[in-house]
Amino acid sequence: MVSSTRLSAMNHFLSPSARSVSAVTASVLAACCLTACSGDGGEVPAAIRVNQVGYVAGEKKFAYVMGDRDTLADAGFEVLDEHGDTAGQGTLGPSLGGWNDTYTAVRTIDLSSLRRTGTYRLRLVGAGGEPEVRFRVAPAGRLLDPLRADGVRFFGTQRDGGDVLADATGREPSHLTDERARVYEPAGTGPPAEVGGPVDVSGGWFDAGDFLKFTHTTSYVVAQMLTTVRDTPAVPGLREEARHGLTWLDRMWDEETGTLYAQVGLGSGGQEVRGDHDVWRLPEQDDRLTVRPGDPDYLLKYRPVFRANEPGEPLSPNLAGRVAAAFALAAQTGAEDDPAQAREWLDKAAAVYARADTRPDAGDLVTTVPADYYQEHSWRDDMEWAAVELSRGADALGDARASRWRGEAVGRARAALREERGGTLGPADVSALAHADVLTSADPDDDLADALEAELGRQVETGRKRAAEDPFRSGVIPTDFDAVPHTFGLLATAELYARVTGDHRYDDFAAQQRAWVFGANAWGTSFVVGAGDLYPHCLQHQVANLAMSRTGRGDILRGAVVNGPNDADLLKEQDAFDGSRPCSFAPEGGPWSRYDGHGAGYVDDVRAWQTVEPADDFTSTALYALSLTAARS
């Protein structure tokens, strides 16, 4: 995740290759509109929005039609099967509200009666024109397994160090100097000051579209991956990719000195030095730099490492908790195949957990440098997560400490409920993961179990109430950052709630959220690369941008999850970055802003980090949520 300070002004011109990709995208969008839109008050186009990945057989299935309320007043719909026979028909549902001044009504099409696996065609009747929109109905695994595999491949593209996967991007080994990195302290003004080293912090994953590496997000991602390995159907390559991240996380923990390293790389530099956010390039170019100490690009090649704590001092409890949880999950998932290695992971987890400062001063939680990249205001959920995973790891290995950690998990769950109010699942709040595992493995008493179930339900209910007021039944605030990953967080929590309680009251809500991220939204686009017919192509991602300019492929980062819609005011002026290749998609007949509404906007443009920058935590949350859904089939 990056800050707006990484952008520098530059005139932006659309290249011929980008224009050709825009034409492909426009043809897809045009297929969803029933009439041409005129700019002089002519007829408003009616647009159909469907889940482009497909609807799970047996679930509630809704599509949406957006248009002028008068045009849609008497409209109906017809569904044709693969043979051209009528599979369903009916009238549109009542208006769910207007979206903007052009699309004054959004109405539903109930497709729930379609249960047979197949590909269908949906068209409107009585609203002018007869374009058709295709969609699928299939079991969850058949629809979602390819997306889960794509999510794993995304992390292969994110790899740093000597063990990179070239695939379609043409990646080469990068940042090999991280093997002997120096430790720095951040300075209030000016460049950071060297204080130690060398340390080996090579490998791992780039955090997002830039090349920084964070313990805060990597521990979240690794723990989430290993939870997916433990609890859901197998995903090819997931266990191996989790180990890649785990190996780097282990390097960031120096047990001998009691030091946890928080970050590799300097985000934004200043007048004296350049940081990661100041240069658009391929990562392997950093290794080819010829620099001396004091040169502006010195910290691009010889990247600084920042500590989370002074050697031997207590650790910020949020970081200690999630790192310990990741190590403990490594113990759980490896206990059967390699118990000796698993015991080592469990001991590492215990050592990190024991160093947590459980009386931190307000505002002292450590995340990144600067902390604005990822903010966190809670830590009891992280420590609850650590304790319950330690207990499960100990149980798997027959370790006598299991009972103590189980009791601590129960106590920390009570403290989290009492002192903190959980938000949406993501790197800033892991309470849903912690609560679910306490419920299933820590044997809480009835009162605590009821409270934990109620808290999981409250988190989902917050989204459901928002969805009831949204024309597309989205459970997030579309003008906030992280709308798409928050949607996947709600989806995962809804699935967890059903799993631990047996109560499926939120299944319809979960299906609506899945449909929204895969195209049943105002913009008619999926927010996962490679998922559906229309998805982001012009990512704010340096490797993808420079590789796409060479290959012309828009799906080069398949599986990546982007931010999605954001505050429309943030998108009015986009600055290009020196060295980036121009790339922009726009729907036929006008800009994406034609579909903006309720204060939210979206653009598919390499300059728009606010909407189309992918991130590791976005993608791991999606992978976990979709895996929980696939586990039900």
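The values are calculated or read from the model by the stated rules, or taken from the named source; none is laboratory data. Model, not experiment: these values are computed from the prediction. Cβ: placed from backbone, ideal geometry, glycine included. Neighbour counts: every protein chain shown. In case anyone asks, the SASA skips ligands and DNA or RNA and just uses the protein heavy atoms, side chains included. Shrake-Rupley method; radii C 1.70, N 1.55, O 1.52, S 1.80 Å.
So if R0 is 22 Å, what FRET efficiency would Arg180 and Arg243 give, r being the distance between their Cβ atoms, rounded to the nearest 0.05?
That gives a FRET efficiency of 0.45.
Once percent of Cα pairs over 42 Å apart is worked out from the coordinates, which option in (i) 27; (ii) 42; (iii) 24 does it equal?
Given (i) 27; (ii) 42; (iii) 24, the structure-derived one carries the label (iii).
I'd like the FRET efficiency for Asp567 and Arg69, computed as 1/(1 + (r/R0)^6) with the beta carbon distance as r and R0 of 25 Å, rounded to 0.05. Please report the intermediate quantities before stating the final value.
Values: r = 26 Å, r/R0 = 1.06.
Efficiency at R0 = 25 Å is approximately 0.40.
Measure out, as a whole number of angstrom, how far apart the alpha-carbon centroids of segment 112-153 and segment 321-372 sit.
41 Å
Only bridges whose two residues both fall in the chain count here: according to DSSP, what percent of them are antiparallel, nearest 5? List each step's numbers first, then the result.
Details: 48 of 53 bridges.
Of those bridges, close to 90 percent are antiparallel.
If I fit a long axis through the Cα atoms of helix 542-551 and take the longest principal axis of the Cα atoms of the chain, what angle between them do I get, 0 to 90°, rounded to 10?
Between helix and principal axis, roughly 50 degrees.
Compute the length gained on full extension between Glu469 and Arg121: take 0.36 nm times their separation in residues and subtract their Cα-Cα distance, giving the result in nm to one decimal.
122.4 nm
Among Ile477, Ile556, what's the order by accessible area (1.4 angstrom probe), most exposed first?
Final ranking, largest accessible area leading: Ile477, Ile556.
To the nearest 0.05, how large is the calculated FRET efficiency for Arg230 and His83 if R₀ is 41 Å and r is the Cβ-Cβ distance?
Values: r = 43 Å, r/R0 = 1.05.
The computed FRET efficiency comes out at 0.40.
How many nm separate the modelled label positions at Ser441 and Glu194, each set 7 Å beyond the Cα in the direction of the Cβ?
Reported label-point gap for Ser441 and Glu194 is 4.4 nm.
Considering only C-alpha atoms, what is the centroid distance from segment 157-199 to segment 373-418, in Å?
After rounding, the separation between the Cα centres reads 32 Å.
Relative to the longest principal axis of the chain, what angle (0 to 90°, nearest 10) does the C-alpha long axis of helix 446-468 take?
It is inclined by approximately 40 degrees.
What figure in square angstrom, to the nearest 10, would you give for the accessible area of Thr440 with a 1.4 Å probe?
Surface open to solvent at Thr440 totals about 90 Å².
Looking at segment 406-496, which trypsin sites (Lys or Arg not before Pro) are in a loop (DSSP not H, G, I, E or B) and have at most 16 other Cβ atoms within 10 Å? Walk me through the numbers before you get to the answer.
On the way: sites: Arg406, Arg412, Arg414, Arg418, Arg421, Arg458, Arg464, Lys465, Arg466, Arg473; in loops: Arg421, Arg473.
The qualifying sites are Arg421.
Could you provide, to the nearest whole Å², the per residue accessible area of the chain with probe 1.4 Å? Provide the component values of the computation, followed by the final result.
Numbers: 23270 Å² over 633 residues.
Here the per-residue accessible area is 37 Å².
Please list, by residue number, every one of the GluC sites (Glu not before Pro) in segment 255-335 that is coil in DSSP and has at most 16 other beta-carbon atoms within 10 Å.
Values: sites: Glu255, Glu256, Glu272, Glu284; in loops: Glu255, Glu256, Glu272.
Sparse-neighbourhood loop GluC sites (Glu not before Pro): Glu255, Glu256, Glu272.
What ranking of Lys60, Lys348 comes out by heavy-atom accessible area, probe 1.4 Å, highest first?
On the way: Lys60 95, Lys348 40 Å².
Ranking Lys60, Lys348 by accessible area, largest first, yields Lys60, Lys348.
So what's the gap between the Cα centers of segment 56-99 and segment 426-498, to the nearest angstrom?
30 Å
Nearest 500 deg cm²/dmol is fine: what mean residue ellipticity at 222 nm does the chain get from its DSSP H runs of n ≥ 4 alone, each adding -39,500 (n - 2.57), divided by its residue count?
-12000 deg cm²/dmol
Describe numerically, in nm with one decimal, the distance between label points set 7 Å from Cα along Cα→Cβ at Ser112 and at Ala340.
Using points 7 Å along Cα→Cβ, the separation is 5.7 nm.
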